[in-house]
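The block underneath contains the structure these notes are about, expressed in structure tokens.
The values are calculated or read from the model by the stated rules, or taken from the named source; none is laboratory data. Source: prediction; values computed, not measured. Glycine also receives a Cβ, built like all others from the backbone with ideal geometry; neighbour counts cover every protein chain displayed.
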Amino acid sequence: MTTVYVFEDKNRTFGAFWKSDSGVPFMFLPHYSRVATEMSKLNWEAVGARRIPDLYDDNFSELYNIAKFSFAGFGIEVDLSSVSELITQMGSFNPRIWRGIPKSPGFGGYEGVTPSPLTYSSRNQATVAATSLFSGLVELFRYVEPSSKNDRCFGHRARELLILACTEVESHWKSVLLQNMKNPRANFKPTTTDYIKLAPVLRLKDWRVTLKDYFGYRFIAPFENWDTAKPSQSLAWYSAYNAVKHDREGKFEQAQLQFVIEAMAAVHVMLAAQWGPEIHTNSVTGGFSPFHIISMPTYPPNEQYVCPSVQDNIVLSQAIPFGI
């Protein structure tokens, strides 16, 4: 298996390089091209790079030095001490599990995988569903102001929105789980005992959001307390959903505004964790959301997906089951 080396420069520009089975060095700079290109050892030797201290570092291999020289031609300064080995196999990725580098001022971001038509359809459908739910939440805010004083307010519309939001979250859980399982049984019916296995993979506990237009409202980390010992009860909003779904008359007071907001935040997070934080802001594919991401996981270079266009016998789109 080809060993791939990856890095980010000081501007968070992502790059990768490797040596093919035939010994040819390749570089991948997706901000310029999704096609991996051959690095010219002849050019490197022609300028006498090995004899120039600024171009050659004796502490690193020839491949590292050729890469540093080649990326410099694109204005990319590679700190060789920060280069690491890619964890996943080149050309492989987990479906609906986002890895990337968000956009920032002066930097276009990095998306490791270009969505397939099927993935695009799923993403679009999920965005439409979420936008509809979020519109219902905003409509509820016309009657009940989101504040700590009103968190425990409950009612029929709140119950309806709580149930809808939680079933949407369950839909996402199930889809991601099934697409990343090893040989799921035909009659497999997942529960939260199965779904919680997604938490470390999607880094769900690291996502935190707030309401855009209600700056006094608290920050929300909808999956922060998810515990394998109590996979249903440890999420207060999900526990409330189960209570009011099965026993409206006895548990009606659980249909509280705070749980509706947290469940809706979970919808926002699930979309972002699958397709990236810009899912709700992209002018082409995004949809409306009343939430704004405050913090999220940071994925180092060696956890990114490296999927260049087909070249040099690279196999693309091999799903990597995470062992469920």
Answer residue from the stretch 175-201, given it is surrounded by 16 or more Cβ atoms within 10 Å (Cβ to Cβ) and not hydrophobic (A, V, I, L, M, F, W, C) and is farthest from the chain's Cα centre (by Cα) among those: P190
Residue that is nearest to A221 (Cα to Cα), among those in the stretch 292-324 that are modelled with pLDDT under 85 and hydroxyl-bearing (S, T, Y): S317
Test: L204 is modelled with pLDDT of 95 or more, within 16 Å of the chain's Cα centre (by Cα) and more than 30 Å from E145 (Cα to Cα): no
The listed residue being in contact with a strand residue (DSSP E or B) (Cβ under 7 Å, 6 or more places away or on another chain), among the acidic types (D, E) and more than 30 Å from A266 (Cβ to Cβ), out of E85, E111: E85
Residue count, the stretch 186-196 (criterion: modelled with pLDDT of 95 or more and not in a helix (DSSP H, G or I)): 2
Complete set of residues in the stretch 76-112 that are among the β-branched types (V, I, T) and closer than 26 Å to L63 by Cα: I76, V78, V83, I87, T88, I101
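Quick one: is T114 at pLDDT below 95, over 28 Å from V260 (Cβ atoms), among the hydroxyl-bearing types (S, T, Y) and surrounded by fewer than 15 Cβ atoms within 10 Å (Cβ to Cβ)?
Here the answer is yes, as T114 does meet what is asked.
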